[in-house]
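The values are calculated or read from the model by the stated rules, or taken from the named source; none is laboratory data. Since the structure is predicted, the reported quantities are computational estimates derived from the model, not experimental observations. Cβ placement follows ideal geometry from the backbone for every residue including glycine, while neighbour counts extend to all protein chains displayed. Please note that ligands, DNA and RNA were not included when accessible areas were found on the heavy atoms of the full protein model with its side chains. Shrake-Rupley method; radii C 1.70, N 1.55, O 1.52, S 1.80 Å.
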Amino acid sequence: TTLGPELIAPLVAALQTEESRLAVRRVKDVLIGFGPIARDPVRRLRDSPNPAVRRVAIEVLQAVGGEAALD
C-alpha cells in the first residue's frame, strides 16, 4: 500500500486471471489494506463470470465497507 493507490487497478486485473489461491489471498489482503478507496474498482468484479472472482470481490467489499458496501 505504500506504493500508492495506482496499484489498485493492476491488482484488480490480476484477480481476474490469477489461479493461485495463495496469490489471490495476498492480493485480496493488499486491496483490503487500501481501505475504502479500493471499493469502486473491486465493485466491478461482482459481475465477473468467474464465481471465485465474485467471491473475492464480496470479501473485499465486506472488509472495507461492511454490509452497506454490497448494495
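Considered as a group, the residues in the range 26-67 that are among the polar types (S, T, N, Q) and not in a helix (DSSP H, G or I) include one that is least open to solvent (accessible area, probe 1.4 Å), and that residue is SER48. Just so you know, in the range 9-44 the residues that are touching an Asp or Glu at 6+ places or on another chain (Cβ under 9 Å) and among the hydrophobic types (A, V, I, L, M, F, W, C) include one that is nearest to VAL64 (Cα to Cα), and it is ILE32.
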